[in-house]
Amino acid sequence: MDYNSLLLIFCSAGVIQSLFLSIYIFSSKNIQQSERILLGSLLLAITLRLVKSIGWYFFDINDDVFLNIGFAAHGFIGSLLVIYFAHKSARLRNIFSRLLILLPGILLLITTPFLTLSNFWYVGGYQALLYYTIVTLLFSAYFLWVIYSERKIYFPWYRNLFLGVSVFCISYFTNYIFGLNPYITGPVVYSIVIYIISFILFSNQEIFTPLGDKKKYKNINLTPDQIAHHRERIESVMIDQKPYLDSDFSLTTLSEVTSIPKHLLSRFFSESLSQSFSDFTNQYRIDRAKELLLDPKFNNHKIAVIAYECGFNSLSSFNAAFRKLASTSPSEFRKTSTDSLVK
């Protein structure tokens, strides 16, 4: 068996492993839907890019549609890495911003039937794609730094994912722009990296927010530093983003906006905080309600309106929570506070 045959087998094994990992993530019930979509799509895009490279390098496949799908996949790789890290660092939650980052890949995918090597890729198109990918890697590095600053618990996973994807993409850049390495370097390196990534993922399932049986995590203990980190992160999000004003706010939502796995949040509220998640949420809602009850702009608003403004589903639940946490009713609080201001 010659060298090229061994290389083909090695790279093909990387494709199979990458595709397997992508399918696993897409189908896993232990991962949040948003993370499943982002990470699964990232690995699928890399897989398609690998298939294109192997087909072109080993089998001399020059069909325009085949090549364009591979190039479009390349356009999605850096974009999806940016959005994935931004999602995990609770940044860039605006849908428009995410779509803007994905726009080059989307345009390439739409124009797949029309682009050719001679009229687009060899006249600057491929070069522009490679530079765009480098830009997305720089943005990914920024969000990776944010993750390191705010969420160090599983940082090695994010770091290794970033390094693997970066080496893969940069190898194409240095090959085409500077001629520093063979074209097949990217597929070979990634075929090694994908097994490392897979090992880390399967060895640290708690990286993702589990949606299954909580008994599975009963032996997890939080250190004082982790407790302080979680508390600071949660309070920062609650104050700055005010997610509790949404009546559908839940522990899952809090997990998504703080990027703290759901099972760790459950552990935090059950063992490290003197309040249940419900009372914790209602405390923020009641504090907001007090502000509105004292605000002259809301003097003519019914208490029910204020209740809905603060995230409660009904007036009765608002009254019950207010009495429990403020030791008085909303109407009595408004009257007493108003009378004291008049005096």
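What does the accessible area per residue of the stretch 36-155 come to in Å², with a 1.4 Å probe and no ligands, DNA or RNA counted?
Numbers: 5300 Å² over 120 residues.
It amounts to 44 Å² per residue over the stretch 36-155.
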Helix 277-294: inclination vs the chain longest Cα principal axis, degrees, rounded to 10, gives 60 degrees
Using a 1.4 Å probe, how large is the accessible area of R91, given in Å² and rounded to the nearest 10?
-> 70 Å²
Long-range amide H partners of T116, meaning residues 5 or more apart or on another chain whose placed amide H is closer than 5 Å, are W121
For K335 the rounded accessible area (nearest 10 Å², probe 1.4 Å, non-protein molecules ignored) is 130 Å²
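Just list whichever of K52/K88; K88/K242; K88/K324; K242/K302; K297/K324 have alpha carbons separated by over 28 Å in the model shown. Display every interim value, and only then the final one.
Details: K52/K88 30 Å; K88/K242 18 Å; K88/K324 35 Å; K242/K302 22 Å; K297/K324 26 Å.
Correct reply: K52/K88; K88/K324.
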Anisotropy class of the stretch 129-193 from Cα gyration tensor, a/c 1.5 cut = oblate
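Going by a ≥ b ≥ c, the root eigenvalues of the Cα gyration tensor, does the stretch 44-185 fall in the rounded group (a/c under 1.5), the prolate group (a/b larger than b/c) or the oblate group?
Working: a/c = 2.29, a/b = 1.63, b/c = 1.41.
Here the stretch 44-185 falls in the prolate category.
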Between the stretch 49-79 and the stretch 12-31, the Cα center-to-center distance that results, in Å = 19 Å
With all protein chains modelled, accessible area of H230 [1.4 Å, Å²] | 0 Å²
Using a 1.4 Å probe over the heavy atoms of the protein chains, calculate the carbon and sulfur portion of the accessible area of the chain as a whole percent.
-> 62 percent
Just one of (1) 62, 49, 42; (2) 67, 44, 42; (3) 91, 47, 29 is Cα extents along the principal axes in Å calculated from these coordinates, so which is it?
-> (3)
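The values are calculated or read from the model by the stated rules, or taken from the named source; none is laboratory data. Treat the numbers as computed from the prediction; the structure is a model and nothing was measured. Accessible surface areas use protein heavy atoms only, side chains included; no ligands, DNA or RNA. Shrake-Rupley method; radii C 1.70, N 1.55, O 1.52, S 1.80 Å.
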